[in-house]
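These notes are about the structure you will find just below.
Laboratory data are not the source of any read-out in this text; all were calculated from the coordinates shown. None of the values given here were measured: they were computed from a predicted structure. Quick reminder, even Gly has a Cβ in these numbers, built from the backbone with ideal geometry, and neighbours come from all protein chains shown.
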Amino acid sequence: MRLHTRYTILITLFLAGCGNDGAPGAAGTGGSGGVGGSDEMAPCDVAPSDPTDGAFAAGCAGTASGGTCALTCDPGFVATADEAICTNGTWDAPGCDAAPFPFGTNLDADGDGAITYLFGGTDYNDQDPAVQANGGVGTFTQGETYDVGDSPISIVAGDFNNDGLLDLATSDQDFTALSVLGTTPKGGDGGGISILLGDGDGTFTFSETILVSRAGGGATVGDFDRDGNLDIIANTSLVFGNGDGTFQTPEVDIGGAFATSFGVFDLDGDNDLDILTTSVPFDGDAIVIINNGDRTFQPPSTIATANGARNIAFGYLDGDAIPDFAALDNDQDLSIYLGDGSGGFTFKDTIDLGLGFANALNIGDLDGDQIADFVVGDFIEDMLDAFLNDGSGIGLLPPATTMGVSQEAALIADLDGNGDNDIAIASQSSGLGIALGDGSGAFGPFSFVDAGDGEFGVVAGDFNADGKLDLAVCNIDSSDVTVFLGD
């Protein structure tokens, strides 16, 4: 499965008219030959005018009718057609539109709230039933384990070197570095980012550990400067990608204290990716950071929360096309905030979940009704609860499934390729856990496998291009990443 969507429109014009006898432009037949039945059509004497965000190839003036002139768009834009066509002295007018980004503007094509696994501007979750038809069975084979920076606590996937293959990055809390899989990890003080570059067969090569002033919190990826290269945020440190698996330093501090979870979306409709995040201490507010589009960001603004925002998740919660978010607070409640389409959010309601200490939050369609549901982890009670949306967009039914497992991180994805979402968790006490969904919001028992020492984060992606989802787990105590390939 290719991870980058090619936005190409093929235009075919049949320019020659045919007379009654099949000859183009035959005299007296009403063909397109013009006066006297001539077949000659005028060339385009001047070159086509360049669009605002692109340029046509040089030397196109004088192109004969039926000839073409190639169009190249600026980074962050895609052509509506690859070339202009000259027709009897006139150029058609293809242009350059803002490109969908990795983790881009169309986060959730079907409104099911599954916005985590996005590559090339496509809702990866929505593609699962198609690309995994008759694919995996929800089991995984353990692959290689790779050393990264000290104590990784979160892991993300993306194509950091633009080779069409998924790579991995971890946010490491014990030294100021971002590790990318490809050389030997480098030590330092503070937190960091480690980079693992995918080889396309399910194996990875350590690339580097990037020293940054702050890491060790949550992590996310996105093309924040619209240059076609993925960038990485770890905690409050943003490093811009060069497109070859390396990243620019020094990093940009996006603001805030200690970011634990992220939402990435175009919140204000300007085609730049903005950021919604939370911070420690947990009694802090949710934070909105608007992207100026020039590698700078507006100062963080806060969304007041009555009892703090411990963890957030994005989704379409009220039935419109504007992204909303849900936040876990210190009273173990789930608070709903509805987006206004311009970067603002309005508090809607608080739902008492009846939990001990809610520490994990994920949004996805668990019962196939195209409405966002919730998976919530309870750290104190060692429980994972699946709450189904009641159809109003902001109300929850009692837990459809309660699973007695302890977890540090969870994800929702179709792991067995049958069209129903499943759950994977990272648990320090139990390992990597998989529970398969039946499409009604109910899940089978978790099966566990040891992934390392201190499983703390998990991410999904097709790491060996076989059309099946694979998993990667970061381990906080053994400071490594273990890969599991889908069977």
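Observations, loosely collected:
- Phi angles across the stretch 141-153 convert, under the Karplus curve 6.51 cos²θ - 1.76 cosθ + 1.60 with θ = phi - 60°, into 3J(HN,Hα) values of 10, 5, x, 7, 10, 10, 5, 10, x, 5, 6, x, 10 Hz, Gly and Pro given as x.
- Each label point was placed 7 Å from the Cα along the Cα-to-Cβ direction; for Thr87 and Asp369 their separation is 4.9 nm.
- Database remark: amide H of Asp487 closer than 5 angstrom to the amide H of Val137, Gly138, Thr139, Phe140, Thr141 (H placed geometrically; neighbours at sequence offset of 5 or more, or on other chains; Pro and chain starts carry no H).
- Take each peptide in 457-468, 262-273, count the other Cβ atoms within 10 Å of every residue, and average; sorted highest first, the result is 457-468, 262-273.
- Under-5 Å amide H pairs with Leu415, H placed in peptide plane, nonlocal only: Asp422
- Distances between placed amide hydrogens fall under 5 Å for Met383 paired with Asp378, Val405, all partners being 5 or more residues away or on another chain.
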